[in-house]
Amino acid sequence: MTESSSWHRTLRRAALLVACVTGCAAPSARSAAESPAAASKSSAPGTLPGCAGASTRIERPADFPARFPLPPGAVIASEERRSGGRIILHTFVPSGIRDVAVFFDKALPEAGYRQSGGESESDEAEANFEDSSLKGRWRARSIDQCPGAVSLDVLVGTAGG
């Protein structure tokens, strides 16, 4: 590991810690359609609360990289196809922003991906990732009035595209 990549990893972890200490569970203005009335008071650990709005569930698309790790309990709600063979998975995770960021910090390198360009705020965290054949980006966002769940979008495409 180069000194520069070590510094960036340390900086990213410090930013995550600061963001979480200052309010990882802070609500965001993500969607006007999500109302406080839809919020779930509580749910069992690892269970997606009803307020997340994940009524549709699909299987992982066959052409989405099988070795790409998704956080425990992730529910794939939809997929989106983009030019150049890029795929975006729209998921919901029964977790917090910090938990998702920590999961990817560990799971992506274990799956053979390099992570870079990460940043976080109180209601969002994101980073790029790549290996020799794929590149992409993940972004986790808090869901307004829904503690215990985040939305997670994962985009993947070919490294040359």
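The values are calculated or read from the model by the stated rules, or taken from the named source; none is laboratory data. Nothing here was measured: the structure is a model prediction, and the numbers come from that model. Here the Cβ is made from the backbone with ideal geometry for all residues, glycine too, and neighbour counts use every protein chain on show.
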Every residue from region 129-161 that is assigned to a strand (DSSP E or B) and either polar (S, T, N, Q) or more than 14 Å from the chain's Cα centre (by Cα) (or both):
130, 134, 135, 142, 151, 157, 158
Can you tell me which residue is modelled with the highest pLDDT among those in region 23-58 that are among the aliphatic types (A, V, I, L, M) and outside any loop (DSSP other than H, G, I, E, B)?
52
Residues of region 106-128 being farther than 18 Å from residue 92 by Cα, assigned to a strand (DSSP E or B) and in contact with a strand residue (DSSP E or B) (Cβ under 6 Å, 6 or more places away or on another chain), which ones?
114, 115, 116, 117, 118, 128
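Would it be correct to say that residue 112 is touching a residue at least 24 places away in the same chain (Cβ under 8 Å), more than 16 Å from residue 142 (Cβ to Cβ) and in contact with a Ser or Thr (Cβ under 7 Å, 6 or more places away or on another chain)?
Taking the combined requirement at face value, the residue does not satisfy it.
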Output the residues belonging to region 59-105 that are of a type in the set (D, E, K, R), outside any loop (DSSP other than H, G, I, E, B) and loosely packed, with under 12 Cβ neighbours inside 10 Å.
80, 81
